[in-house]
Amino acid sequence: MDFWLIMLAFVAFGIVVGAYGTLIGAGGGFIIVPVLLLVLKWPHEQAVATSLCVVTANAASGTISYWRQGRVDFRTGIQFALATLPGAIIGSLAVSLLSGRVFDLIFGVLLVILSTYLMFRPERRSNNQGDTTKPEGPKGWLWTVRSITDARGENYKFGFSKGWGLVLSFGVGFMSSILGIGGGIIHVPALINLFSFPAHIATATSHFILAISAATGSTTQLIQGNVQIAPAIAMAIGAIGGAQVGGALSRRLTGRWIVRGLALALVIVGLRLVLG
């Protein structure tokens, strides 16, 4: 097949990845890695490395869209993003060591369980206003209350443990670099269900965090020579445009449907890991 036709196919694929990934705040790597591994038969290290580069472009573009909507919690996002960086570097260096079958099975099962919970969990009465009262004990570690008003004038107020959020973010950076899927697929459900973030704020802020974390992992992978440059550029071009589409679509969907979209993504990734 002609080289430029192949690159065009990668661009089209990137558009789909960018749109859906931005819509659910997950970067899109959960689609890229299975395709590169199972359809194109790429080596694991190259699939993960190339995916991270595309995720970086997608997340950066999606962040711009969410920033225009006023839904990115930059203060929290910067702190959580910094916590992902050590994990992202360690994960990139450990890809070849921790990509065995046992690891894939365990993580895949956990993702399927999490997606089932998200799909069938009881609906909350309010998606925008969370409990801001500091809990007793470890749950209140570095308790933080945030109030954000988006471009439409809708106010979101919520409280969460910043300390545990930083610990979570380190783990997200590590896991995202190991799998090449971007940390949003872990971060978003955790922010919503463990830290009571409103769904729209969680997806937007996670995308900002993901842009920084994935860029760190991508840089490490580039230095190691694992990235397929031409396909990465082609998919990134498509993902940048697709991210704007996904960001626009997010305005038309309620938090409930964003969560369900994320649950579907988790099932896809989990089954890919379990089935190999």
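The values are calculated or read from the model by the stated rules, or taken from the named source; none is laboratory data. Keep in mind that what you see is a predicted model, and the values were worked out from it rather than measured. Backbone-built Cβ (ideal geometry, glycine too); neighbour counts: all protein chains shown. Heads up: the accessible areas ignore ligands, DNA and RNA and are worked out on the full protein's heavy atoms, side chains in. Shrake-Rupley method; radii C 1.70, N 1.55, O 1.52, S 1.80 Å.
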Next item on the list: Starting from the stretch 136-158, take each residue that is open to solvent by less than 90 Å² (accessible area, probe 1.4 Å) and list its partners that are of a type in the set (F, W, Y) and assigned to a loop (DSSP other than H, G, I, E, B), counting only C-beta distances under 7 angstrom and pairs at least six apart or across chains.
Entry: F158/F197
Next item on the list: Run F160 past the list (1) modelled with pLDDT of 90 or more; (2) more than 20 Å from P189 (Cβ to Cβ) and report the number of the one that doesn't hold.
Entry: (2)
Check: Which of the following residues is surrounded by fewer than 16 Cβ atoms within 10 Å (Cβ to Cβ) and in a helix (DSSP H, G or I): I15, I78, I31?
Finding: I78
Check: Looking at this structure, is F195 in contact with a Pro (Cβ under 9 Å, 6 or more places away or on another chain) and surrounded by fewer than 24 Cβ atoms within 10 Å (Cβ to Cβ)?
Finding: no
Checklist line | Pair list, Cβ < 7 Å and 6+ apart or interchain, from the stretch 239-261 residues that are closer than 17 Å to Q69 by Cβ to residues that are modelled with pLDDT under 70 and not in a loop (DSSP other than H, G, I, E, B) | finding: S250/I258
Item checked: Of all residues making up the stretch 82-103, the number that are closer than 14 Å to S176 by Cα and modelled with pLDDT of 75 or more -> 12
Note to self: If L36 meets every condition in (1) free of Cβ contacts under 8 Å to residues at least 40 places away in the same chain; (2) open to solvent by 10 Å² or more (accessible area, probe 1.4 Å) apart from one, which number is that one?
What the structure shows: (2)
Item checked: Residues being within 25 Å of S213 (Cβ to Cβ) and acidic (D, E) - total across the stretch 139-170 -> 1
Check: Do you know which residues across the stretch 198-217 are modelled with pLDDT under 90 and open to solvent by 10 Å² or more (accessible area, probe 1.4 Å)?
Finding: H200, A211, I212, A215, T216
Item checked: Qualifying positions in the stretch 39-57 - touching a residue at least 12 places away in the same chain (Cβ under 8 Å), farther than 21 Å from I15 by Cβ and open to solvent by 30 Å² or more (accessible area, probe 1.4 Å) -> H44, E45, Q46
Next item on the list: Return yes when I186 is part of a helix (DSSP H, G or I) and either at positive phi or modelled with pLDDT of 85 or more (or both) and no when it is not.
Entry: no
Check: Of the residues that make up the stretch 220-240, is at least one over 24 Å from V35 (Cβ atoms) and assigned to a helix (DSSP H, G or I)?
Finding: yes
